[in-house]
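To keep things clear, I will list the structure first and then write my remarks on it.
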Amino acid sequence: MTSINSLIPDNSEKGTGLILEYRDQYLFHVSGRKHRTEPGERFFAGIGGHCEENESFIQAAKREAVEETGKSVKVSNSARTDLVDSDGRVLDTIVLPTPAPRIIYRMLDRREDLPKAKPYVIACFEAEFVDDSPFILDPEEVSALIALPKSMLVKSLERKIGLDDILSSGGEIVAGYLEASTMLFPLGTAVALANLLKRDSENDREVSHDA
């Protein structure tokens, strides 16, 4: 059976992200003060981050969850894994050994300027928090946790979205603080998941038309 590591080019950086649900919406962290963005803008991404040396994807995911939210997570196995390319295309669907990620996302390392940017591969796992303890955020790293409905997540692929739009669509700030005028854009796991949801929605429409 194919392994995750066999899908990763030798010169790639590795990271991990979590697909978490909160009240039937998707939960993401919003960048903190240390991250460079344009004034009035923040990015949102899956809770997770870079794999340290000799650290597995699962180990990195659990470590990053504690560092970014103050809470532990339980990682779930996905029966299928979709490979999503940097341009948003869903390249293939495969079965990987347990515990398998829901998505493997191949992007470019945004920490480097083009054309020096290396491939960056993110294994995106479905997960859940192990308890209802409060979130603990470091504002330097994470300014807030936000919950987005599926429709708003897909729209974020087309344009930056305002916090007001998120809140009016049923989303919410789960923890932390954001200025009301904040504009948000997706990175990493958020982009991969949005593209997958978009693909599934388009397929559903095609099936509906055929019927």
Could you pull out the residue among VAL84, VAL30, VAL90 that is modelled with pLDDT under 95 and within 21 Å of LYS150 (Cβ to Cβ)?
VAL90
Starting from residues that are at pLDDT below 95 and touching a Ser or Thr at 6+ places or on another chain (Cβ under 9 Å), keep the ones in the range 36-48 and report whichever is nearest to GLU141 (Cα to Cα).
THR37
Which condition from (1) among the β-branched types (Val, Ile, Thr); (2) in contact with a Phe, Trp or Tyr (Cβ under 7 Å, 6 or more places away or on another chain); (3) farther than 21 Å from HIS35 by Cα is the one that ILE122 breaks?
(3)
Can you find, within the range 129-181, the residue that is surrounded by the fewest Cβ atoms within 10 Å (Cβ to Cβ) among those that are farther than 14 Å from ARG23 by Cα and of a type in the set (Lys, Arg)?
ARG159
Keeping to the range 7-30, report how many residues are surrounded by fewer than 21 Cβ atoms within 10 Å (Cβ to Cβ), closer than 17 Å to TYR120 by Cβ and either touching a residue at least 40 places away in the same chain (Cβ under 8 Å) or among the hydroxyl-bearing types (Ser, Thr, Tyr) (or both).
7
Checking ILE47, ILE103, ILE94 in turn, the sole residue that is more than 18 Å from VAL174 (Cα to Cα), buried (at least 21 other Cβ atoms within 10 Å of the Cβ) and either free of Cβ contacts under 8 Å to residues at least 60 places away in the same chain or among the hydrophobic types (A, V, I, L, M, F, W, C) (or both) turns out to be ILE103
Output yes when any residue across the range 54-67 is at pLDDT 95 or above, closer than 20 Å to PHE185 by Cα and of a type outside the set (Phe, Trp, Tyr), and no when none is.
no
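The values are calculated or read from the model by the stated rules, or taken from the named source; none is laboratory data. These figures come from a predicted structure and were not determined experimentally. Using ideal geometry, Cβ is built from the backbone for each residue, glycine included, and neighbour counts are taken over all protein chains shown.
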